[in-house]
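Notes to accompany the following structure.
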Amino acid sequence: MYAEERQNAIAGLIGQRGRVSVADLADTFGVTTETVRRDLAALDRMGVVRRVHGGAVPVTTIASVEKGMAEREHTRTLEKDRIASAAVRFLPAAGGSVALDAGTTTGRLAALVPVDVDLTVVTNSLPIAQRLASVPSLSLHLAGGRVRGVTQATVGEDAVRTFTTLRVDVAFLGTNALSIAHGLSTPDTEEAAVKRAMAAAADRVVVVADSAKIGLEYFMSFAALDGVDVLVTDDGITDADCTRLQQHGLEVVVA
């Protein structure tokens, strides 16, 4: 394969997966990591991809546009199911309290909340509230505010105020992106404000995010990594990323 053909194939792969490591690309194309780095450098100069530590991401990863719930619900479904199953063990014991962020992975976690354990659950997600409303053992609270159609989450001053007046045992947060430099980030400022308040209200913060989001950065950061206790992700995370995140104090659980 000529260099130009390989670079086109690499660009296509990054576009499909969202983030690809140098090591994975080297294995895929049967070349050295040095060759892959040269290819990525060339693609970066052309504005096709953006190089990040250990790999590359599409140039559109720093953006203000996000996918709607319907589209995200059918993206990386197996990984999200495994992440949700692994995250259940971080639920508090009976009598505890939980904040559940809006999102498709947190929604899968909500479906796994035990129906025979007394818990207080606070959420800003309409789909999660609807899913849990009929569980008799739960004391369910829905944060008020304006509903963002793209995420079906309540945002604004009322939603933020709800979480600034609470203290919960565990907050389960979703994120659009996660990087060491920018922390957890999302495209929307109002949604970021609610996530920030939710994290501040919790004794323990558990982030549920598939590995494609690692290394990406969106417009608005809502939490630094030192404000996160646990990351539950899938086995697509590279060993290097796992080590770096652990060095920043995160417990990394690979589902």
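For the range 170-176, the Karplus equation 6.51 cos²θ - 1.76 cosθ + 1.60, evaluated at θ = phi - 60°, returns couplings of 9, 10, 9, 10, x, 8, 7 Hz by residue, with Gly and Pro reported as x. Taking every DSSP helix (H) stretch of at least 4 residues in the chain, weighting each as -39,500 (n - 2.57) and dividing the sum by the residue count yields a mean residue ellipticity at 222 nm of -11000 deg cm²/dmol.
Structure remark: mean-square fluctuation, Gaussian network model of the chain, C-alpha springs under 10 Å; the largest value among I83, I214, I14 belongs to I14.
Over all other residues within a Cβ to Cβ distance under 14 Å of Q246, the charged ones net out to -4, with Lys and Arg as +1 and Asp and Glu as -1. Between M46 and D81, the modelled label-to-label distance comes to 3.8 nm, taking each label 7 Å out from Cα in the direction of the beta carbon. Accessible surface area normalised per residue over the chain is 45 Å², counting heavy atoms of protein chains with a 1.4 Å rolling probe. In the set [x] 35, 18, 16; [y] 27, 25, 15; [z] 44, 18, 17, which value of semi-axes √(5λ) of the Cα gyration tensor in Å was calculated from the structure you see? Label of the calculated value: [x].
The charge dipole of the chain, taken about its Cα centre with unit charges on the Cβ of Lys, Arg, Asp and Glu (plus for the first two, minus for the last two), comes to roughly 320 debye. Taking amide H atoms as placed 1.01 Å from N in the peptide plane, the amide H of V121 lies under 5 Å from those of V98, S139, L140, H141, each 5 or more residues away in sequence or on another chain. Residues whose amide H comes within less than 5 Å of that of G55, counting only those at least five positions distant or on another chain, are V22 (H built at 1.01 Å from N in the peptide plane).
For the range 159-254, a simple Cβ point-charge model (Lys and Arg +1, Asp and Glu -1, everything else neutral) yields a dipole of about 380 debye relative to the Cα centre. Per-residue Karplus couplings for the range 235-250, computed as 6.51 cos²θ - 1.76 cosθ + 1.60 with θ equal to phi - 60°, are listed in order as 6, x, 5, 7, 4, 5, 5, 4, 5, 4, 5, 5, 5, 8, x, 7 Hz, Gly and Pro entered as x.
Under the convention that each Lys and Arg Cβ holds +1 and each Asp and Glu Cβ holds -1, the size of the dipole of the range 143-200 around its Cα centre is about 60 debye. Principal-axis analysis of the Cα atoms of the chain puts helix 3-17 at an angle of about 0° to the longest axis. With the Cα gyration tensor of the range 178-234 giving a ≥ b ≥ c as the square roots of its eigenvalues, does the rule (a/c under 1.5 for rounded; else a/b larger than b/c for prolate; else oblate) give rounded, prolate or oblate? The shape class here is oblate. Expressed as a whole percent, the accessible surface of the range 190-249 that belongs to carbon and sulfur atoms is 47, based on a 1.4 Å probe.
The values are calculated or read from the model by the stated rules, or taken from the named source; none is laboratory data. Since the model is a prediction, treat every value here as computed from it, not as a measurement. Please note: Cβ atoms are built from the backbone with ideal geometry, for glycine as well, and neighbour counts cover all protein chains shown. Keep in mind that these areas ignore ligands, DNA and RNA; they rest on the heavy atoms of the full protein, side chains included. Shrake-Rupley method; radii C 1.70, N 1.55, O 1.52, S 1.80 Å.
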